[in-house]
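Written below as structure tokens is the structure these notes are about.
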Amino acid sequence: MTPPAPGKPLVLLAQQPFPTFAEAVGAHYRFVLAAEADAAAAGEARVLLVPGLKAVTGELIGRLPALELVVATSVGLDHIDLDACRRRGIAVTNAGGSYTVDSADYAVGLVVAVLRRVAAADSYLRRGRWAVDGDYPLAAKVRKEPACISNKDARGGMAMASPPTQEAAASVPQNDKPLVLLADPLIPEFQPTLSTHYHLLPLAEASTASTATARALLTVDLPAVTADTIAALPALELVVASSVGVDHIDLAACRRRRIRVTNAGDAYATDAADYAVGQLVAALRRVPAADAYIRRRGWVNHGDYPITTKVSGKRVGIVGLGKIGTLVARRLAAFGCTIAYTSRSPKPSSPYAFFPTVLALASNNDVLVLTCALTEETRHVVNRDVMEALGKDGVLVNVGRGGLVDEPEMVRCLKEGVIGGAGLDVYENEPNVPEELFEMENVVLSGHRAVLTPESMREVLETVHGNLQAFFAGRPLLSRVTL
């Protein structure tokens, strides 16, 4: 705090201000703590500054006979005896709209954090549980919509039955159902509907006759569908992925055989965009770190958690302006962020600035959000040069694929302060996460959960079932991937 200076106006302090606050205004005023003020200072003081929420009681006001103004650094004034001020004709001011934007940003971040359990998922990964105990449970969608499954006629393409009973599923002989091979185990959410309509057979358990005749292969998680796998299925015509990315499928082998490939389409887009925004707020405002600080009683024992940086007004560069990237852009534009992007080519209908390379995008933005597909061209597209261009205050958010980032370099850049922080949902060697990240408070971690909510799983089931129905009925596929 600035030492008392007789030539400056006297301002009493209800308590010590933040150091940055004292440095900013200390040169203009003679600060004295009210609790330490002698009779002369108490009798002379016309202004009382109230940092934080220190109680300003009627007793304190009564000890300051010359007081004319109480200046609060908060918006709320419930810690000040306003009746005592009113009786004395003392003016009171507050922070006005100074906190409005940051409070709104944080409120939105907390909504996402609570519904998607951002802090709990972060803690789960830091304890090493993803690799040992499996995925963190699904959390609720942010954008609530009626949870209904539509039925369309044959011309509409997609039709979904209500979840069948076991009796109904058993009533249809397996031989009368189209055969669909499973590249990996079917998740419980898919089992009732798909088993009713298809003869589902794990690829590893398939007989020679089944592999010779199977026309469709379903991949639920991210198992490698290699050229050898494809070669072992001579009748294969369709690979159905329940993911958006198809980097786990040998697309060149599919292309040579003219095998069609489908993905999840837009089923995950809304949830992925919500989560990307939530991770950005969580990384900039250190939501999981602040949550952990409170839980270990740090606030009580050590005082306030350090101040973090604002979200609104940040320059955000989006790598891949597809469906997810576009939804991220719309959400962050509502925060007052300036949006730019890079993609394979400029989007004529986009209102955002286009940069031809990721390096150029990073050089001109505070945040990079990765939403693009992983291909040979995009593997390690974020390298050390890009992170150095992003800068020491820059933040990287990745809800795309882990391979988009040179992970060892990212860890080094975070440790060395080359970039300021990261929000990471995906990694190069899942479920193994670099252990150095577990000790970093400027990093928000989750285990490939950005796209997954109970609601999105229902949408993906519609898409998977719709693609299989369309294929076996000879109709156009719902979400065909261009090979």
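Values as computed for the structure displayed
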{"item": "Filter result for R331 (of a type in the set (D, E, K, R) and either closer than 25 Å to R449 by Cα or not in a loop (DSSP other than H, G, I, E, B) (or both))", "result": "yes"}
{"item": "Filter result for G322 (in contact (Cβ under 8 Å) with a residue 24 or more places away in the chain and more than 19 Å from R449 (Cβ to Cβ))", "result": "yes"}
{"item": "Which listed residue is modelled with pLDDT under 65 and over 22 Å from S242 (Cα atoms), from A170, A161", "result": "A170"}
{"item": "Residue check for R458: charged (D, E, K, R) and buried (at least 22 other Cβ atoms within 10 Å of the Cβ)", "result": "no"}
{"item": "Single match in V464, V433 (criterion: outside the structural domain of L217 (by TED's automatic domain parsing), β-branched (V, I, T), in contact (Cβ under 8 Å) with a residue 24 or more places away in the chain and touching a strand residue (DSSP E or B) at 6+ places or on another chain (Cβ under 9 Å))", "result": "V433"}
{"item": "Residue count for segment 327-338, restricted to those that are touching a residue at least 24 places away in the same chain (Cβ under 8 Å), crowded, with 17+ Cβ neighbours inside 10 Å and more than 24 Å from P288 (Cβ to Cβ)", "result": "0"}
{"item": "Test: residue in segment 353-369 that is among the aromatic types (F, W, Y), surrounded by fewer than 24 Cβ atoms within 10 Å (Cβ to Cβ), in contact with a helix residue (DSSP H, G or I) (Cβ under 6 Å, 6 or more places away or on another chain) and closer than 20 Å to G278 by Cβ", "result": "no"}
{"item": "Residue pairs meeting the criteria (Cβ under 6 Å; at least 6 apart or on separate chains; first under 19 Å from G423 (Cα atoms), in segment 353-369; second hydroxyl-bearing (S, T, Y))", "result": "V358/T342; L361/T342"}
{"item": "Members of segment 426-446 found to be closer than 24 Å to V240 by Cβ and either surrounded by 18 or more Cβ atoms within 10 Å (Cβ to Cβ) or of a type in the set (V, I, T) (or both), listed by number", "result": "V426"}
{"item": "In segment 78-99, the residues that are under 24 Å from T308 (Cα atoms) and either surrounded by 12 or more Cβ atoms within 10 Å (Cβ to Cβ) or aliphatic (A, V, I, L, M) (or both)", "result": "N94, A95, S98, Y99"}
{"item": "Close pairs from segment 21-45: first surrounded by 11 or more Cβ atoms within 10 Å (Cβ to Cβ), partner in a helix (DSSP H, G or I), Cβ under 7 Å, at least 6 apart", "result": "V32/A41; A34/L60"}
{"item": "Test result for L321, surrounded by 17 or more Cβ atoms within 10 Å (Cβ to Cβ), assigned to a helix (DSSP H, G or I) and within 22 Å of the chain's Cα centre (by Cα)", "result": "no"}
{"item": "Failed condition for R260, given (1) of a type in the set (K, R); (2) surrounded by 17 or more Cβ atoms within 10 Å (Cβ to Cβ); (3) within 21 Å of S123 (Cα to Cα)", "result": "(3)"}
{"item": "Output for segment 86-138, where each listed residue is over 16 Å from the mean Cα position of the chain (by Cα) and among the charged types (D, E, K, R)", "result": "R86, R87, R88, D102, R126, R127, R129, D133, D135"}
{"item": "Scan of segment 268-312 for residues that are touching a residue at least 60 places away in the same chain (Cβ under 8 Å), part of a loop (DSSP other than H, G, I, E, B) and not hydrophobic (A, V, I, L, M, F, W, C), ordered by number", "result": "Y268, R286, T309, K310, S312"}
{"item": "Filter result (of a type outside the set (V, I, T) and either touching a helix residue (DSSP H, G or I) at 6+ places or on another chain (Cβ under 6 Å) or not in a loop (DSSP other than H, G, I, E, B) (or both)) within segment 336-351", "result": "A340, Y341"}
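Results for (1) in the same structural domain as A119 (by TED's automatic domain parsing); (2) charged (D, E, K, R), shown as yes or no for each residue.
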| residue | (1), (2) |
| --- | --- |
| L284 | no, no |
| L321 | yes, no |
| R331 | yes, yes |
| Y341 | yes, no |
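A quick yes/no check of all residues on (1) under 14 Å from L483 (Cβ atoms); (2) at pLDDT below 95; (3) in the same structural domain as T375 (by TED's automatic domain parsing):
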{"site": "T213", "(1), (2), (3)": "no, no, no"}
{"site": "T219", "(1), (2), (3)": "no, no, no"}
{"site": "L222", "(1), (2), (3)": "no, yes, no"}
{"site": "A231", "(1), (2), (3)": "no, no, no"}
{"site": "L238", "(1), (2), (3)": "yes, no, no"}
{"site": "I249", "(1), (2), (3)": "yes, no, no"}
{"site": "A252", "(1), (2), (3)": "yes, no, no"}
{"site": "R258", "(1), (2), (3)": "yes, no, no"}
{"site": "V261", "(1), (2), (3)": "yes, no, no"}
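The values are calculated or read from the model by the stated rules, or taken from the named source; none is laboratory data. The structure displayed is predicted, hence computed values, not measured ones. We place every Cβ from the backbone using ideal geometry, glycine too, and count neighbours over all the protein chains shown.
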